[in-house]
1. Looking only at region 12-26, filter to residues that are assigned to a helix (DSSP H, G or I) and more than 11 Å from the chain's Cα centre (by Cα); which one of those is nearest to residue 54 (Cα to Cα)?
2. Every residue in region 27-69 that is out of contact with any helix residue (DSSP H, G or I) (no Cβ under 7 Å at 6 or more places or on another chain), outside any loop (DSSP other than H, G, I, E, B) and modelled with pLDDT under 90, please.
């Protein structure tokens, strides 16, 4: 499987998982993919990843705005990728 972490999640987390899953799964962080700039809009990287779908990417994000933005929500309906939306609080420690 191929997992793609967007900028809402730590590069360190993606790197750690990539090392742990080396040989089993391909894990990439948005900032490590040379096809994208720091200013690349969500719809652009989503479109590029969807075209690169063998096997389809699994996108991991905390960016709930993707599901709320009209254009991006429409994009979600038309891509072959799977999206996992983590709650914003998932990585906060309990005090």
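1. The initial filter retains those residues of region 12-26 that are assigned to a helix (DSSP H, G or I), namely 12-20.
Now restrict to residues that are more than 11 Å from the chain's Cα centre (by Cα): 12-13, 15-20.
Details: 12: 25, 13: 24, 15: 22, 16: 24, 17: 21, 18: 19, 19: 22, 20: 22 Å.
Going through the qualifying residues, I end up with 18.
2. The answer is 65, 68.
The values are calculated or read from the model by the stated rules, or taken from the named source; none is laboratory data. Treat the numbers as computed from the prediction; the structure is a model and nothing was measured. All Cβ positions, glycine included, derive from the backbone under ideal geometry; neighbour counts span all protein chains shown.
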